[in-house]
Number of protein chains: 2
Amino acid sequence: MPEEARPGTGEQAKQHALAQLRHAILHGEMAPAQRLVENELAEQFGVTRASIRAALIDLEAQGLVERIRNRGSRVRVVTVEEAVAITECRMVLEGLCAAKAAVAAGDEQLAELTELGTAMTKAVADGEPVTYSELNQELHAKVREFSGQQTAVDLLERLNAQLVRHRFQLALRPGRPQHSLNEHLVMIEAIRARDPQAAEAAVRAHLTSVIEALSD
Amino acid sequence: MPEEARPGTGEQAKQHALAQLRHAILHGEMAPAQRLVENELAEQFGVTRASIRAALIDLEAQGLVERIRNRGSRVRVVTVEEAVAITECRMVLEGLCAAKAAVAAGDEQLAELTELGTAMTKAVADGEPVTYSELNQELHAKVREFSGQQTAVDLLERLNAQLVRHRFQLALRPGRPQHSLNEHLVMIEAIRARDPQAAEAAVRAHLTSVIEALSD
DNA sequence: GCGGACAGAATTGTTGACAATCTTGTTTGG
DNA sequence: CCAAACAAGATTGTCAACAATTCTGTCCGC
């Protein structure tokens, strides 16, 4: 059964390299548009170039790096326009998930959402935008999970991975958490009321406002 | 400027193999769940195993093949449940595209849609389900194109690629084209009227009925 | 002084061989 | 006769070297 996520030994070299590289990019350790030379990465991670190559192909498919024929790989930079387009897709897909979750979620799952809502309220009251952002992430993840819509979840995780850089930027904007909080509470209420249409509408309203905030 | 899409010579081996394999799978030349042995494919397409490997990694990311550690690759079989989940995602994403297209499309683009509508009407009247299915595809592709939403277009092409087998099955069902046609005409009208909400609603209604038809 | 050709360096693409892993059919002990 | 250990075969994962391509800085002719 233990089949993954032990970076030490049992993992295949390619999986190891992939996980390392992905983590590095997602945590901003690689500057945007930085060149990714296969030889350097191979040495850095202690694997061969073939493994790095496979990992880069994977990351390209996930939209995290850009590869040009005979010219090498770079970490992909997401322009504001692209971030808006991505968020529009998130809007409809998370709307779908919320609607499904409103129907499919069990009682203890609803309780989890409620709990997250109060925690988020507290984080805003205490003026801790970082904590709030993390809870925010967790809430969206839970809604996705409860929807049981595996296809949508996969697509959304792909999309979210491309937005790490912009997300940071947005969370620290003054006044934004308070605004965002209200929208999230409406969404939680709609799911608790098991009203799929209201849940979808709430998610859309929320991400519409995110899009507006992004456009500045 | 000529940079791609000449399958004859200038293409890199991996790209060539990728295109060939993808085409073969999408056109049903590979049986579902068929084993894909790297050596055989390499010989068959006249490239080396490394290229085939890279192509398989790509196809796995596109959801067309399944790869298991040290056990090989198979063309992925999409169950009916997955097909429904995929179509639900299509529903919301194409809804987004239709709404954007209703705002962004130019006059001559609207004319193209109208033309396709009449061609589809004729195909149904003549009782040619295959022609109708092709026009259907083309209509959806045009709407996506006119939306200018590149992210959504990418996601949708991924999703559609996974549905080839189910699409065939659906198109030949008696009475289905007539039903489908009406829904498409409503959508075209909504886009022509530049009414994004109506366009989105029309797309959703259409794909909801597709989901119902799939579930049998 | 400037544009274009040219050589050198750097980097990716490709190849064939080798190692690790899994499957399958067989054998052996109970 | 059956189950577990075992061995052979097949297949993927990894490696190091080679070929092809692109970029960069320099030099020459004008």
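The values are calculated or read from the model by the stated rules, or taken from the named source; none is laboratory data. Source: prediction; values computed, not measured. As a convention, Cβ positions derive from the backbone with ideal geometry for all residues, glycine included, and neighbour counts pool all protein chains shown. Keep in mind that these areas ignore ligands, DNA and RNA; they rest on the heavy atoms of the full protein, side chains included. Shrake-Rupley method; radii C 1.70, N 1.55, O 1.52, S 1.80 Å.
Structural remarks
- Excluding ligands, DNA and RNA, the accessible surface per residue across chain B is 51 Å² with a 1.4 Å probe.
- Remark: for residue pairs B:Lys122/B:Lys142; A:Lys142/B:Lys100; A:Lys122/A:Lys142; A:Lys14/B:Lys14, the C-alpha separation exceeds 27 Å in A:Lys142/B:Lys100.
- Lys, Arg +1 and Asp, Glu -1 on Cβ, resulting dipole of region A:13-75 about Cα centre, debye, nearest 20: 220 debye
- Take the Cβ atoms of B:Gln137 and A:Lys122, set R0 to 45 Å, and the FRET efficiency comes out at 0.30.
- Most mobile of B:Ala190, B:Ala205, B:Ala24 in a GNM of chain B (Cα contacts under 10 Å): B:Ala24
- Interface residues, region B:124-159 - accessible area loss of 20 Å² or more versus chain alone, probe 1.4 Å: B:Gln149, B:Thr151, B:Leu155, B:Arg158, B:Leu159
- Residue of A:His27, A:His184, A:His206 that the Gaussian network model of chain A assigns the largest fluctuation, springs spanning Cα pairs under 10 Å: A:His27
- The residue among B:Gln34, B:Leu113, B:Ala99 whose Cα reaches farthest toward the positive pole of the charge dipole of the protein assembly as shown, with charges on the beta-carbon of Lys, Arg, Asp and Glu, is B:Gln34.
- For region B:8-50 versus region A:23-98, the inter-centroid distance based on Cα atoms is 25 Å.
- The calculated Kirkwood hydrodynamic radius for region A:174-215 is 10.4 Å, given to one decimal from all distinct C-alpha pairs.
- Just so you know, the Rg over Rh for region B:64-151 is 1.12, from Cα atoms, with Rh as the Kirkwood radius.
- Relative contact order (percent, whole number), chain A, Cα cutoff 8 Å, 6+ residue spacing: 25 percent
- Here the average projected area of the convex hull drawn through the C-alpha atoms of region A:13-75 stands at 3.7 nm².
- Coupling constants for region A:161-171 follow from the phi torsions by the Karplus curve (6.51 cos²θ - 1.76 cosθ + 1.60, θ = phi - 60°), and in residue order they are 4, 7, 9, 3, 4, 6, 5, 3, 4, 6, 5 Hz; glycine and proline get x.
- Max mean-square fluctuation residue, GNM over chain A, Cα-Cα springs under 10 Å, options A:Glu189, A:Glu29, A:Glu138: A:Glu29
- Total accessible surface hidden between B and A, rounded to 100 Å², 1.4 Å probe: 2300 Å²
- Three principal axis lengths of the protein assembly as shown [C-alpha, angstrom, descending]: 64, 61, 46
- Applying both filters, DSSP loop and at most 11 other Cβ atoms within 10 Å, to the trypsin sites (Lys or Arg not before Pro) of region B:62-140 gives B:Arg69, B:Arg71.
- Comparing B:Gln44, A:Leu185, A:His206 along the charge dipole axis of the protein assembly as shown, the residue lying farthest to the positive side is B:Gln44, per the Cβ-charge model.
- Element breakdown for chain A at a 1.4 angstrom probe: carbon and sulfur atoms account for 52% of the accessible area.
- Rh (Kirkwood; distinct C-alpha pairs) - chain B, Å: 18.8 Å
- Relative to the longest principal axis of the Cα atoms of chain A, the long axis of helix A:107-125 makes an angle of roughly 90 degrees.
- For the protein assembly as shown, calculated [θ]222 nm from helices alone, where every DSSP H run of n ≥ 4 adds -39500 (n - 2.57): -23500 deg cm²/dmol
- Unit charges on C-beta of K, R, D, E only; dipole of chain A, Debye: 760 debye
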